Every structure is written in C-alpha cells, then in structure tokens.
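All remarks here apply to the structure that follows.
The values are calculated or read from the model by the stated rules, or taken from the named source; none is laboratory data. This structure is a prediction, so every number in the text was calculated from the model and none was measured. Note that we place each Cβ from the backbone using ideal geometry, even for glycine, and neighbour counts take in every protein chain shown. The protein model used for the area step is the full one, side chains on, heavy atoms only, and it has no ligands, DNA or RNA in it. Shrake-Rupley method; radii C 1.70, N 1.55, O 1.52, S 1.80 Å.
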Amino acid sequence: MDKVNELKEKGNQALSAEKFDEAVAAYTEAIALDDQNHVLYSNRSAAFAKAGKFQEALEDAEKTIQLNPTWPKGYSRKGAAAAGLNDFMKAFEAYNEGLKYDPTNAILLQGRMETTASALSFMQSQGDIPMDVDPQQVRSRRAPSPPPAKPAEPPKPAEPRVEDMTEEQKNKYFARKEKELGNAAYKKKDFETALKHYNAAIEHDPTDITFYNNIAAVHFERKEYEECIKQCEKGIEVGRESRADFKLIAKSFARIGNTYRKLENYKQAKVFYEKAMSEHRTPEIKTSLSEVEAKIKEEERMAYINPEKAEEEKEQGNLFFKKGDYSTAVKHYTEAIKRNPDDPKLYSNRAACYTKLAAFDLGLKDCDTCIKLDEKFIKGYIRKGKILQGMQQQSKAQAAYQKALELDPNNAEAIEGYRQCSMNFQRNPQEVLKNAMSDPEIQQILKDPAMRMILEQMQNDPNAVKEHLQNPAIADKIMKLLESGIIQIH
C-alpha cells in the first residue's frame, strides 16, 4: 500500500503542476496495484477532465460511484465530466444524486448552478428558442443587439432546509456552522469563544478529526502545550476510526511535533514529524524535521564536551607524537577536539601531526581553525608558515610568519621562517638543488637504496607517500627532503 500512496502522491503533484499526462500515468499505475480504490479513479477522472478528455473522465467517475456509491465527490466528478461533454442533463442529474448524500456540499451545489447556467448559454449560442418565448422577442432578435451587459455574479447557493434533513445530516450541518463560528473567533484571537464553538461542533459530530485539530490549535496559541498534545492524540484516534483523510492525520502529528519543539524536546518532536511524514509528505514538515535533527545533533555535541577528558586525550596525543606515532596521535587529538572544540592548542597540535604525515591540506585547515578561535595564537601562524613552506608556497608562508612577528617581533621561529622564505625568493630551483646536494645528510638519504625505491614509487603514485609516512624513520627522511627542496608535495 505504501507504493500505491507514493504513486497517488506523485499523481497529485503532477496534477497541481498541470502535468496532466504524468498525473494520469501515475494514477493508472496505482490502479493496477489497487483496482478497488475509489479515490484513485476519482483523481484520474479529475486529471482527464483537466486535459479535456471528458469521455475518459466520465468513465472513471462512474467507476468511482460504482465502488463507493455514497461518496459525494464521485458525483461531482461525474457532473464535471458530463458538463464537459455538453450533456447537461446527465450533469444535472449527477449533482442532484450527490446532494442526496450530502445536501450541504458546496461543490455539488455550485456545480448544479453552473450546469444550469452553462446549459442556457449553450442553447442561446445554438439559436435554440424556448417554446414560450414571445414572437415579438423573436423578431427583435433580428435587429442589432445592444452591447452585452456585464454578466451578473452567480447567486450564492441557497441554504438547505433543515427540516428536510435526516438526523445525521442535521448534526453535520450544525457542527459545520459551529466550526465556522469558531474559525471566525480564532482569527480574531478570541480563543475562549473559539473553544466554545469547536466543543459545540464536537457535540454535534464527534467523528470529525478537524474539530479536534482546531481545538489543539487554540491550546497551542495559548501555550497550553500538554492539552494541545492530548487533543491531537484524541483527533488521531477519532480520525483512524472514521477513516479520515491521511492529510488531516498528518496535520495532527505535525502539530504534536511543533508542540514538543516549543518545549525544546527535540527528540520527541523528531518522532512525531517522522510520523507525519509517513502519513503525508510536505515541504514544511520536511523542513521542520531537518531543523530538529540539527538541534539534536548540536545538543549531542554540546553534551559530549568535557575539558577534563580533552586534556587527558591531549596528553595521550603528546605521548604518541613524541614516539613518532603520528597517526595514533591524530586520533587522540581529534577526540580531544570533540571534547573541547574551542581550544586552539588542540588544532595546532593536530596540525603538527598532519605536517609530519605530509597531509598539508588537513594541517592547513587546522591552522586556520586555531587562528580563527584565537587571532593572537602565535603558534598557529608559525605552524601555518611551516606547512606552506612544505607546499613550496613561499609568499603565503612569509605572510603567515609576518602575522606572527606582528604579535611578537622577537619570536625566533617566526624570524627564522621569514628569513628562509626571503632567501628562497632569491634562489632559483637549480641553486636550491645544488645547495641541498652539498648537505651530507641529504646525500646519505639519497644513497639509501630503500629510500630511492620509495621516492620512485612516490613519483609514480603520489598517494603512496601516506603509507610510507606511517614509518617514523622514513617520515623524518621525507620531511628533510621536503625542507631542502629536493621533493615537493602539493
């Protein structure tokens, strides 16, 4: 049945967007799965009528009535389709038949009135003259006619006679009247009067979920949230028993979700928004669900914060960093950040690990974060400068060191970093390579067969560097080659 509802909703959306062929296709596919569902035939009839295919619309309307003879909408569909075929007598009879089941149905009353007007207009356009027309009027038709007068607005449907109604019809009629009075009072924010009328409506007709939804809306506006939830739950119970439209049940669930959201109980709000979505998906409910999910995530993040635990994880990270186990150190610093996300030192420490692992992009991101948290954190600028040097971005590295020197003009690391960047600007690649090759330590690294094989592998597969950096000894040698300018990682 979920597939049927999904196809029906697809058809409804296509019909609203005036994509009539798509709507017909969706309803047809749904009917293939559930050929006893009168609502599907009714909806497809509407789609056919909108597309101007009135004969097909009429056939679907008649099938709707066959499946549910007491459902007024089936007769309104038949009336509309018959009118489209200019079969005004059949249309008139269909509207009258539907009014036997719901005498106050505005759609049926309006359809009957429009059919009468359309029939007269059609007869006039065809030149048909009623038998009781005065001959003088016939002769006058040959004379030039004056400009047509502006058509008068159609009269409002007459109020049904209460004395002609059954007991059930009377109850529904008076319940509707009470609801209308309640709505008027609600719009004026006269909630006490609105409640009085909505409760009176329930006394007349306790099977209509709408009245319970309206009472819940009043309690919501008055911030009486527990009572609002109770009324929604009662409405859902009544709606299930009376097989109410799933959209109305979804509305009740959504209002419960809104109420829990007002109470800042976001987990319960999520539960009821999801229930509403299972009944009827709307953009509004989907947005509300996304918003409370974000709130829940933020609450969980805040609940996880614990500076003491963060300090313990940082100490563990420092321990593994000293051992040269940078990957494990990263894990501990990451956990420390979750426990205390506003401590810039934690991002700085993790950036140092990423630098050792040549994960320069991640290290640079951490540097930017710690600088954002504390613009006067000198080490953040120095770490950023070192990473940018490793990436051979000398101008950006120099700018980072410059920021550090603005905070502390005597900082030795910043002065040395700035000096190295300035020198590198003045040196060409050949000179850098020549100076590096004169360093005995560099020579020793390059003579190592294992390192030469690793460098060759890195050249063919740049991602291989990550695997080799897991070995602290190899990582130190690669970092030495990076600093000397022998190799570059971008």
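If you go through the range 16-26, how many residues are in a helix (DSSP H, G or I) and open to solvent by 40 Å² or more (accessible area, probe 1.4 Å)?
Step one: list which residues in the range 16-26 are in a helix (DSSP H, G or I), which gives 16, 20-26.
Subsequent filtering for residues that are open to solvent by 40 Å² or more (accessible area, probe 1.4 Å) retains 16, 20-22, 25.
Selection size over the range 16-26: 5.
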### Query
Of the residues Met479, Met458, Met423, which single one is among the aliphatic types (A, V, I, L, M), open to solvent by 70 Å² or more (accessible area, probe 1.4 Å) and modelled with pLDDT of 70 or more?
Met423
### Query
Just one of the numbered conditions (1) touching a helix residue (DSSP H, G or I) at 6+ places or on another chain (Cβ under 7 Å); (2) more than 27 Å from Ile202 (Cα to Cα) is not true of Cys228; which one?
(2)
### Query
Inside the range 234-255, can you point out the residues that are more than 20 Å from Asn199 (Cβ to Cβ) and touching a helix residue (DSSP H, G or I) at 6+ places or on another chain (Cβ under 6 Å)?
Phe246, Ile249, Ala250, Phe253, Ala254
### Task
Considering every residue within the range 433-446, establish whether at least one is part of a helix (DSSP H, G or I), among the aliphatic types (A, V, I, L, M), within 23 Å of Leu357 (Cβ to Cβ) and at pLDDT 85 or above.
yes
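Could you list all residues from the range 320-330 that are surrounded by 13 or more Cβ atoms within 10 Å (Cβ to Cβ) and either without any contact (Cβ under 8 Å) to a residue 12 or more places away in the chain or of a type in the set (Phe, Trp, Tyr) (or both)? So that I can check it myself, show each step before the final result.
Kept after step one, since they are surrounded by 13 or more Cβ atoms within 10 Å (Cβ to Cβ), are these residues of the range 320-330: 320-321, 324-330.
Phe320, Phe321, Tyr326, Thr328, listed by residue number.
Quick one: which residue in Glu9, Glu29 is free of Cβ contacts under 8 Å to residues at least 40 places away in the same chain and either touching a helix residue (DSSP H, G or I) at 6+ places or on another chain (Cβ under 9 Å) or open to solvent by 60 Å² or more (accessible area, probe 1.4 Å) (or both)? If you could, list the steps in order and put the result at the bottom.
Numbers: Glu9 fails: free of Cβ contacts under 8 Å to residues at least 40 places away in the same chain.
Unique residue meeting the criteria: Glu29.
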### Task
Kindly indicate whether Leu388 is within 18 Å of Lys480 (Cα to Cα), part of a helix (DSSP H, G or I), open to solvent by less than 40 Å² (accessible area, probe 1.4 Å) and in contact (Cβ under 8 Å) with a residue 12 or more places away in the chain.
yes
